[in-house]
Amino acid sequence: MPIRLDASFHEQLAASDRSLIGMWACSGSAIVTEVAAGSGLDWLLIDMEHSANSLESVLLQLQVAAAYPIAPVVRVPSNDTVAIKQVLDLGAQNIIVPMVSSADEARAAVAATRYPPEGVRGVGSALARSARWNRVDRYLQESAAHTSLTVQIETAAGVDAAAEIAAVDGVDAVFVGPSDLSASMGLLGQQTHPDVVAAVERVFAAVKAAGTAVGVNAFDPTAADGYIAAGADFVAVGADVALLARASEGLASRFIPVSDDTRRASY
């Protein structure tokens, strides 16, 4: 019996009348990802760039997330044709490619997601979860319709090229990363600096003018509110590891006397 794939993240963005709210899954734990998947959030970013996630752990997280009404989005470690092919073959319909700073880099990311002659993706659908082992009708011919590509702007050069990046055919959305952007601007660690916020909003304006969806990473609730008001189509507002770190620190602060706080002071 033919299998029907879920709507892509791009399709969900187009159908929504509000900002889609998501969080990061960085722990590499399928249990933690399943807990987050059932949270009621709109989307879940499974990260391979700055985490312990491997192909095997991403596969398991995609499988557990599939039981819940949340859109899993996988950030590949780099704009690499092989890495993108492997993650797509795992069955990830939605990917984010980091550190895209030019239209040429965006075109390379698009090519990696498309089969020839439009692109360079290797053909292995009969062996892969992407086509459910050839149980998805016309997967090879229609794979582009099942796949959502988001490119991430994280540098000052990317900000300047935002309009050209967003206009590349096959780029479905642009995601702004204020952490690396602030570093690129000489403001390391100052994601909410007014100059960084202004740069993010410049990207918003350029991308929206191209008719492309735009999102941002914003763990600071005030910053997230501001970006939503500025028209962000999707926002990542937290991460599994950060939530666990802050909550466990809160427990320590609540129950361990300050005089016995030598363990925390040693870090």
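Within the stretch 174-199, the set of residues being surrounded by 15 or more Cβ atoms within 10 Å (Cβ to Cβ), outside any loop (DSSP other than H, G, I, E, B) and free of Cβ contacts under 8 Å to residues at least 40 places away in the same chain comprises 179, 181, 182, 183, 184, 196, 197. The residues listed here are 82, 87, 32; of these, the one that is out of contact with any Pro (no Cβ under 7 Å at 6 or more places or on another chain), in a helix (DSSP H, G or I), of a type in the set (Val, Ile, Thr) and surrounded by fewer than 16 Cβ atoms within 10 Å (Cβ to Cβ) is 82.
Taken over the stretch 133-169, the residue count meeting the criterion of being part of a helix (DSSP H, G or I) and charged (D, E, K, R) is 3. The number of residues in the stretch 201-243 that are in a helix (DSSP H, G or I) and either touching a residue at least 40 places away in the same chain (Cβ under 8 Å) or surrounded by 13 or more Cβ atoms within 10 Å (Cβ to Cβ) (or both) comes to 19. On inspection, residue 24 passes the criterion of being surrounded by 20 or more Cβ atoms within 10 Å (Cβ to Cβ), in contact with an Asp or Glu (Cβ under 7 Å, 6 or more places away or on another chain), modelled with pLDDT of 95 or more and at negative phi.
The condition of being of a type in the set (S, T, N, Q), modelled with pLDDT of 95 or more and over 30 Å from residue 142 (Cβ atoms) holds for only one of 259, 248, 266, 253, that being 248.
Out of 71, 52, one residue alone is crowded, with 18+ Cβ neighbours inside 10 Å and either farther than 27 Å from residue 178 by Cα or of a type in the set (Gly, Ala, Ser) (or both). It is 71.
The values are calculated or read from the model by the stated rules, or taken from the named source; none is laboratory data. Please read these numbers as outputs of a predicted model, since none were measured by experiment. Note: ideal-geometry Cβ built from the backbone for every residue, glycine included; neighbour counts use all protein chains shown.
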